[in-house]
Amino acid sequence: MKTLLIVDVQNDFLPGGALAVAGGDEIIPVINQLIDSYDHVVATLDYHPADHASFASQHNGKAVGDITQLAEKPQILWPDHCVQGTHGAQLASQLDSGLIDHIVRKGQIQQVDSYSGFFDNHQQNDTGLNQLLQRLETTELHVCGLATDYCVKFTVLDALQLGYKTTLIKDACRAVNLQPTDEQNAHQEMQLAGCTMIDSKQL
Ligand code: VGL
Ligand code: ZN
């Protein structure tokens, strides 16, 4: 079965949102065009408690973009975003959400961030996404969404590790690009790990 995985296409990652990704809104029509050509469609939601440890606001003397340590691992500090129950955490309304058959939430544990849709950044808790994809008998996974250099990349790397034949739909993703080469590096990392890279017009 072919499954489309839509990563974090939420209001806070769109222009005007709390952690806006440049051009994040431009991927929505691209996804809407593809969405009905899959057996299953699964969306992930970044879904943080209001006091999440990835928020700069929770660390005295730290600013957005600073790096701190969480459980001895470096953690970039973000603006408050995708807080549970807020408009910012909702799926983008322009997305054809009627065709999304499952939603998987991540980043819900206060002390640890979760870029991947499968596991938290300390690889300790899983979200149930792998079991869901198994239940859907997914053999092929196509990934799109936000952001290429964080949640999309780590989701793809875990999917490959778990043995899914994984394809990234490049033009249905946008990157944060804290550094200008982050998107390019993320593409390279995913490709080296075995991800197939395509543009939506090749589908
Ligand atoms: C993301 C930073 C923080 C993402 C989520 O969805 O790529 N990035 N939380
Ligand atoms: Zn987040």
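State all residues of region 132-169 that are under 15 Å from Asp8 (Cα atoms) and either assigned to a helix (DSSP H, G or I) or charged (D, E, K, R) (or both); if no residue qualifies, say none. Steps first, answer last, please.
Here is the first cut: in region 132-169, the ones under 15 Å from Asp8 (Cα atoms) are 142-156, 168-169.
Matches in region 132-169: Thr148, Asp149, Tyr150, Cys151, Val152, Lys153, Phe154, Thr155, Val156.
Return a yes/no flag: does region 5-22 have any residue that is assigned to a strand (DSSP E or B), modelled with pLDDT of 95 or more and of a type in the set (Phe, Trp, Tyr).
Among the residues of region 5-22, not one is assigned to a strand (DSSP E or B), modelled with pLDDT of 95 or more and of a type in the set (Phe, Trp, Tyr), which makes the answer no.
Restricting attention to region 39-70, which residues are small (Gly, Ala, Ser), closer than 21 Å to Thr155 by Cα and surrounded by fewer than 20 Cβ atoms within 10 Å (Cβ to Cβ)? Walk me through how you get there before you give the answer.
Here is the first cut: in region 39-70, the residues small (Gly, Ala, Ser) are 43, 50, 53-54, 56-57, 61, 63, 65.
Those left that are additionally closer than 21 Å to Thr155 by Cα: 43, 53-54.
Ala53, the sole residue that qualifies.
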Can you name every residue in region 168-194 that is in contact (Cβ under 8 Å) with a residue 24 or more places away in the chain and surrounded by fewer than 22 Cβ atoms within 10 Å (Cβ to Cβ)?
Lys170, Asp171, Asn177, Leu178, Asp182, Glu183, Asn185, His187, Glu189, Ala193, Gly194
Kindly list, by first and then second residue, each pair from a residue in region 52-71 that is closer than 18 Å to Val83 by Cα to a residue that is charged (D, E, K, R) and within 13 Å of ligand 1 (Cβ to nearest atom), limited to pairs with Cβ atoms under 9 Å and residues at least 6 apart or on different chains.
His52/Asp80; His52/Asp113; Ala53/Asp113; Ser54/Asp113; Phe55/Asp80; Ala56/Asp80; Ser57/Asp80; Gln58/Asp80
Out of all the residues in region 130-155, which are within 14 Å of ligand 1 (Cβ to nearest atom), hydrophobic (A, V, I, L, M, F, W, C) and either more than 26 Å from Gln110 (Cβ to Cβ) or in contact (Cβ under 8 Å) with a residue 40 or more places away in the chain (or both)?
Val143, Cys144, Leu146, Ala147, Cys151, Val152
Counted residues in region 58-78 being more than 19 Å from Tyr150 (Cα to Cα) and within 13 Å of ligand 2 (Cβ to nearest atom) come to 1
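Report, by residue number, each residue of region 91-111 that is in a loop (DSSP other than H, G, I, E, B) and more than 11 Å from ligand 2 (Cβ to nearest atom).
Of everything in region 91-111, those that are in a loop (DSSP other than H, G, I, E, B) and more than 11 Å from ligand 2 (Cβ to nearest atom) turn out to be Ala92, Ser93, Gln94, Leu95, Asp96, Ile100, Asp101, Ile109, Gln110, Gln111.
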Out of (1) out of contact with any Gly (no Cβ under 8 Å at 6 or more places or on another chain); (2) touching a residue at least 60 places away in the same chain (Cβ under 8 Å); (3) within 16 Å of ligand 2 (Cβ to nearest atom), the odd one out for Gly88 is which?
(1)
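Looking at the structure I just gave you, is Asp8 among the acidic types (Asp, Glu), crowded, with 19+ Cβ neighbours inside 10 Å and within 16 Å of ligand 2 (Cβ to nearest atom)? Steps first, please.
Details: among the acidic types (Asp, Glu): yes; crowded, with 19+ Cβ neighbours inside 10 Å: yes; within 16 Å of ligand 2 (Cβ to nearest atom): yes.
Criteria met by Asp8.
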Within the set of pairs 6+ apart or on separate chains, which have a first residue in region 12-29 that is free of Cβ contacts under 8 Å to residues at least 24 places away in the same chain and within 16 Å of Asp46 (Cβ to Cβ), a second that is away from ligand 2 (no atom under 13 Å from the Cβ) and among the aliphatic types (A, V, I, L, M), and C-beta atoms under 8 Å apart?
Ala20/Leu14
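The values are calculated or read from the model by the stated rules, or taken from the named source; none is laboratory data. This is a predicted model, so every value here is computed, not measured. With ideal geometry, Cβ positions are generated from the backbone for all residues, glycine too; neighbour counts draw on all protein chains shown.
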